[in-house]
1. Among the listed residues Phe315, Phe327, identify the single one that is touching a residue at least 40 places away in the same chain (Cβ under 8 Å), of a type outside the set (D, E, K, R) and closer than 22 Å to Met264 by Cβ.
2. If we keep just the residues of the range 121-175 that are of a type in the set (Ser, Thr, Tyr) and assigned to a strand (DSSP E or B), which is modelled with the lowest pLDDT?
3. Among the residues of the range 228-258 satisfying the criterion of being of a type in the set (Val, Ile, Thr) and modelled with pLDDT of 90 or more, which is surrounded by the fewest Cβ atoms within 10 Å (Cβ to Cβ)?
4. Filter the range 280-297 for residues that are part of a helix (DSSP H, G or I) and surrounded by 17 or more Cβ atoms within 10 Å (Cβ to Cβ) and give the result.
5. Considering the range 209-239 alone, what residues qualify as being under 20 Å from Ser169 (Cβ atoms), assigned to a helix (DSSP H, G or I) and not charged (D, E, K, R)?
6. Give me the residue from the range 311-366 that is among the acidic types (Asp, Glu) and over 24 Å from Lys171 (Cα atoms) and, out of that set, surrounded by the most Cβ atoms within 10 Å (Cβ to Cβ).
7. If a residue has to be exposed (fewer than 15 other Cβ atoms within 10 Å of the Cβ) and either closer than 17 Å to His459 by Cα or not hydrophobic (A, V, I, L, M, F, W, C) (or both) to count, how many in the range 1-14 make the cut?
8. Which one of the conditions (1) of a type in the set (Phe, Trp, Tyr); (2) exposed (fewer than 13 other Cβ atoms within 10 Å of the Cβ); (3) closer than 26 Å to Phe327 by Cβ does Tyr266 fail to meet, given that it meets all the rest?
Amino acid sequence: MSDILDLPGWKVLSQHCDGATYDIEAEYTVQTDVCQKCGVVGRLYRHGTTTVMYRDSPIRGCPTIIKAKVQRFKCRDCGETFQQPLAGIHAEMRMTERCAAYIRQQSLRDTFVRIANHIGCDDKTVRTLAGDHIDELTRAYRPQLPTWLGIDETQIDGKMRCVITDVGSRKPIEMLADRSRDTLATWLNHYRERRQVMGVAIDMWRPYRDVAHQLLPGAPVVIDKFHVVRTASYCMERVRIRLQKLKKPGERWDWLRSKALLNMRYAQLNEKQRFNVDMWLDNTPELAAAHRLKEAFFGIYDLPRKQAIAAYDAFPATVPADLKADFKVLLTMMKNWRTEILAYFAHPITNAYTEALNGVAKTINRQGRGYSFEVLRARLLFGRIQDEPDQMPAPVYMRYGSRIPQALRTDTLAKAGCRCHSCRGVFETSELDIHRTLPGPDNMTLLLVLCKECHHRFHTDEVTAHPVLSTE
């Protein structure tokens, strides 16, 4: 039988699970002969016992409580009483060190409320341990400036947060409290050696460009392609919306339906989609002109550098007078950001990864409402996001004694949603393993997905060379 507690010096007296909690009665068998008050040795005598409740990391999907039988001692010299020191117990929290480590690890992967439910404690306890863990990570964090720097922003909790990434290696570097020029310049000034930065990818936010020119002289500033072509689609949409408003109410729905096809690249449409688009454009010359302008602007990015620059400079003259107002945003952008937009053709980098990371930041904010900026930043930089619902998949059974097929192993791990069936924590797939229980009725065995810690607790008999190699 495995030692499910798996704490050195502890002896399990009994264990019981009622489906809601897993209760373990245990005692610590290592006695002390040193007074914890005055330090004298060999002058103690037993002074009764007391029962103390400690939280442990979850077992078999249930919050775990250790009902510890703790020996009390009294010193003959100083007359003080104290409880015996307990190995494996957190000095400040009523929980095991293993439980505190579990909370710290999961605080960057799962929501605080969900972790608290798994442990059976208050979420304030989780926040306290998570705060200490985040402080330690922040103090030790020493990022290096990458070769290609990506700078963007995302709106979280009503504020624009600056997100900085390594777009070449696709790694987050920093999240700043705001996107102001001073904040970004202060962060960049921390790095005395900045010559390794070969370029910066940004959107059309002037402070980013100013800081890059000031602190990264000679490094090209590239406007992300997505932001540029999106403006062309936006201008065409203005034309479509303006014409749609002139139609009768019954016809406006059909115009709205055309939005998706008109915004797609014409070359990517299938035969049926092209027929529908051609029908719309043939009946609406003004919309057809706007669509041609959008396609022509998109096409600039398909050309070699010299041809692209020539087409870029010639584009404003191709805009008809009656569409100047609709395309004013695009034309102004082309004039004000010409150097940075055309820099893409010499340095074809994009901020796609940074944009994706912005979505991750929003997911973090939605998962845990009320997170402070420090928690959001730490979870973005150091954590792993889990989008799976807090539900365990149905049990997987197979006949005992037969080998687990690789396809079944892979499918079981995938259906677990990267959660351990026992502690319900979030882990990488490489941190999980399959555990097979002893056979039950009809010689069927249950497959469980366990993290390394839980797998060890379920198999302590392997470590101690016990003949039985599975938990009942």
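1. Values: Phe315 fails: touching a residue at least 40 places away in the same chain (Cβ under 8 Å).
Checking each option against the conditions leaves just Phe327.
2. Checked the range 121-175; the qualifying residue modelled with the lowest pLDDT is Thr154.
3. Applying the filter and picking the extreme gives Val229.
4. In the first step, residues of the range 280-297 are kept if they are part of a helix (DSSP H, G or I); the result is 280-283, 285-297.
If the condition is that a residue be part of a helix (DSSP H, G or I) and surrounded by 17 or more Cβ atoms within 10 Å (Cβ to Cβ), then Trp280, Leu281, Leu287, Ala289, Ala290, His291, Leu293, Lys294, Phe297 are the ones that fit.
5. Once the filter is applied, which keeps residues that are under 20 Å from Ser169 (Cβ atoms), assigned to a helix (DSSP H, G or I) and not charged (D, E, K, R), the range 209-239 yields Ala212, Phe226.
6. Filtering the range 311-366 down to residues among the acidic types (Asp, Glu) leaves 313, 322, 326, 340, 355.
Now drop any that are not over 24 Å from Lys171 (Cα atoms), which leaves 313, 322, 326.
Values: Asp313: 12, Asp322: 10, Asp326: 22.
Taking the candidates together, the pick is Asp326.
7. In the first step, residues of the range 1-14 are kept if they are exposed (fewer than 15 other Cβ atoms within 10 Å of the Cβ); the result is 1, 8-9, 11, 13-14.
Adding the requirement that they be either closer than 17 Å to His459 by Cα or not hydrophobic (A, V, I, L, M, F, W, C) (or both) leaves 1, 8-9, 11, 14.
Residues flagged as exposed (fewer than 15 other Cβ atoms within 10 Å of the Cβ) and either closer than 17 Å to His459 by Cα or not hydrophobic (A, V, I, L, M, F, W, C) (or both) within the range 1-14 amount to 5.
8. Unmet for Tyr266, out of (1) of a type in the set (Phe, Trp, Tyr); (2) exposed (fewer than 13 other Cβ atoms within 10 Å of the Cβ); (3) closer than 26 Å to Phe327 by Cβ: (2).
The values are calculated or read from the model by the stated rules, or taken from the named source; none is laboratory data. Keep in mind it's a predicted model, so treat the numbers as computed, not measured. As a convention, Cβ positions derive from the backbone with ideal geometry for all residues, glycine included, and neighbour counts pool all protein chains shown.
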